[in-house]
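Worksheet: the structure to be examined is printed underneath.
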Amino acid sequence: MRKFKVLVNGEYFEVVVEEIREAAKPAPPPRVAPRPPLKAAEPPAKPEAGATAPASRAAEGGPGVVTAPMPGTINAVKVKVGDQVKQGDPLVILEAMKMENEIPAPVAGTVKEVRVTQGQTVNNGDVLVIIG
């Protein structure tokens, strides 16, 4: 045991401290089961003839298909079918995590489809607008 004099807020206190010399034993490393070897990647399955993907997902692909970059709620739709847009023009306002995100046109062209309405909830990857 050792005695110390400690100054706290302008007042001296005498404290006794006991030194512990025994070190704690380190924990043994965790045991991990061996993993099976990785298999070679398989090519993606091809859709059957006549099969279609859900309309809300970006199955069509292409530069004029505008998808939701994150889940959220559509606060405003700035375009309608037939509108001419330039690259960078705002198409919809998507609210996510209490922030409004302006979704711009990735390409110039004519709005072919608007698949969302104000107040609609969307998921990541849902198709919002198609520009042709």
Could you count how many residues in the range 115-126 are more than 17 Å from P90 (Cβ to Cβ) and not in a loop (DSSP other than H, G, I, E, B)?
2
Going by what's in this entry, would M70 be described as modelled with pLDDT of 85 or more, under 14 Å from G125 (Cα atoms), surrounded by fewer than 14 Cβ atoms within 10 Å (Cβ to Cβ) and not small (G, A, S)?
yes
Total residues in the range 63-103, condition free of Cβ contacts under 8 Å to residues at least 12 places away in the same chain and more than 21 Å from the chain's Cα centre (by Cα)
0
Checking N101 against (1) outside any strand (DSSP E or B); (2) more than 21 Å from G132 (Cβ to Cβ), only one condition comes out false. Which one?
(1)
Which residue pairs have Cβ atoms under 7 Å apart, sit 6 or more places apart or on different chains, and have a first residue in the range 106-132 that is at positive phi and without any contact (Cβ under 8 Å) to a residue 60 or more places away in the chain and a second that is surrounded by fewer than 17 Cβ atoms within 10 Å (Cβ to Cβ) and of a type in the set (V, I, T)?
G119/T73
So, in the range 104-124, of the ones that are of a type outside the set (S, T, N, Q) and within 19 Å of the chain's Cα centre (by Cα), which residue ends up surrounded by the fewest Cβ atoms within 10 Å (Cβ to Cβ)?
P104
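The values are calculated or read from the model by the stated rules, or taken from the named source; none is laboratory data. These numbers come from a predicted model, not from an experiment. Positions of Cβ are generated from backbone atoms using ideal geometry, with glycine treated the same way; all protein chains shown enter the neighbour counts.
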